[in-house]
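The values are calculated or read from the model by the stated rules, or taken from the named source; none is laboratory data. In this text, all values refer to a predicted model and were calculated from it rather than measured experimentally. All Cβ positions, even for glycine, are placed from backbone atoms using ideal geometry, and neighbour counts span all protein chains on display.
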Amino acid sequence: MKAVILCGGRGTRLHDATAGTIPKPMVEVGGRPLLWHIMKGYAHHGHNDFVLCLGHLGHVIKEYFLHYEAMNSDLTLHMGSPGRVDYHGGAGQVDWTVTLADTGKEAGTGTRLARVEKHLGREPFLLTYGDGVADVDIGKLLAFHRSHGRIATVTGVIPTGRFGLLWVENGRVVRFLEKPSMEVERINGGFFVFNPEIFDVLRLYPECMLEQEPLEKLSQDGELMMYEHDGYWRCVDTLRDLLELEEHWSAGRSPWVVWKDGD
């Protein structure tokens, strides 16, 4: 099953990390682009055929994958034979198929998805955003999707609060919670599964955000189900989010890293 990743956002609130020269999915955690981390997670579960929806500074992502093998391997150049290069393997080698599709600099997420239909055919597919990591069990997500027979499944996650909560009695703090969570409400955490009928819905809205009219229609029609994920999930929306992931990585406790060395 192919995995579609939306990579077209500008990431304006990450300007300090991108300097306006790289797209949001290419900000690095542990010396690797965030996009790489997302793809490694899918590949760990056996899904290594990717369709990347490019937009803002998409050429940076193209260059990264065009030169991926060379940048992650020892190599021998045969200078007298132009174009002949011997690669000697490397820790970063992967067995992925990556389709890099230009979907427009300013297109909405629904429009981007519609524009890669030709790369997906009439088969179910996975989809997520290029700025979020999680330890979602893709196998269980797929089993849930297949069990209900609807067009779409969205992964619902419990959001982490950004500010500490204070419980106060008579001016005295009786409880402090640094990272509160909303115990009841869940939010869209990405990690979708779609049947090909989603494209019939998208054709009703030629220019759209996936999260607006298309998903609203699916919910009204009873065609959108939620897979509950209680594990780790983070969206890298700000520099603070990025620094938190880097801190986890440096400390050797990265919950989203479900793969093992050699995967």
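See the values below:
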{"quantity": "Number of the exception - Arg115 against (1) more than 25 Å from Ile22 (Cβ to Cβ); (2) touching a residue at least 12 places away in the same chain (Cβ under 8 Å); (3) surrounded by fewer than 17 Cβ atoms within 10 Å (Cβ to Cβ)", "calculated": "(1)"}
{"quantity": "Filter pass, Glu28 being at pLDDT below 90 and either touching a strand residue (DSSP E or B) at 6+ places or on another chain (Cβ under 7 Å) or closer than 21 Å to Val258 by Cβ (or both)", "calculated": "no"}
{"quantity": "Number of the condition not met by Glu106 [criteria: (1) under 17 Å from the mean Cα position of the chain (by Cα); (2) at pLDDT below 95; (3) among the charged types (D, E, K, R)]", "calculated": "(1)"}
{"quantity": "Segment 143-153, residues that are crowded, with 19+ Cβ neighbours inside 10 Å and in a helix (DSSP H, G or I)", "calculated": "His145"}
{"quantity": "Residue count, segment 225-248 (criterion: more than 30 Å from Gly30 (Cβ to Cβ) and either out of contact with any strand residue (DSSP E or B) (no Cβ under 8 Å at 6 or more places or on another chain) or surrounded by 19 or more Cβ atoms within 10 Å (Cβ to Cβ) (or both))", "calculated": "1"}
{"quantity": "Some residue of segment 115-129 being under 23 Å from Arg146 (Cα atoms) and in contact with a Pro (Cβ under 6 Å, 6 or more places away or on another chain)", "calculated": "yes"}
{"quantity": "Residue count, segment 213-234 (criterion: in contact with a helix residue (DSSP H, G or I) (Cβ under 7 Å, 6 or more places away or on another chain) and in contact (Cβ under 8 Å) with a residue 60 or more places away in the chain)", "calculated": "6"}
{"quantity": "The lone exception for Leu127 - which of (1) closer than 29 Å to Arg240 by Cα; (2) modelled with pLDDT under 95 it fails", "calculated": "(2)"}
{"quantity": "Residue in segment 35-56 that is surrounded by 11 or more Cβ atoms within 10 Å (Cβ to Cβ), in contact with an Asp or Glu (Cβ under 9 Å, 6 or more places away or on another chain), more than 30 Å from Leu142 (Cα to Cα) and free of Cβ contacts under 8 Å to residues at least 60 places away in the same chain present", "calculated": "yes"}
{"quantity": "Some residue of segment 196-207 being closer than 18 Å to Met39 by Cβ and part of a helix (DSSP H, G or I)", "calculated": "no"}
{"quantity": "Val136 being in a strand (DSSP E or B) and modelled with pLDDT of 95 or more", "calculated": "no"}
{"quantity": "Qualifying residue in segment 82-99 (condition: within 27 Å of Met209 (Cβ to Cβ) and either surrounded by 15 or more Cβ atoms within 10 Å (Cβ to Cβ) or touching a residue at least 24 places away in the same chain (Cβ under 8 Å) (or both))", "calculated": "yes"}
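Results for (1) surrounded by fewer than 19 Cβ atoms within 10 Å (Cβ to Cβ); (2) out of contact with any strand residue (DSSP E or B) (no Cβ under 7 Å at 6 or more places or on another chain); (3) modelled with pLDDT of 60 or more; (4) among the polar types (S, T, N, Q), shown as yes or no for each residue.
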position	(1), (2), (3), (4)
Thr155	no, no, yes, yes
Ile158	yes, no, yes, no
Leu165	yes, no, no, no
Arg175	yes, no, no, no
Glu185	yes, yes, yes, no
Pro196	yes, yes, yes, no
Arg203	yes, yes, yes, no
Glu207	yes, yes, yes, no
Glu213	yes, yes, yes, no
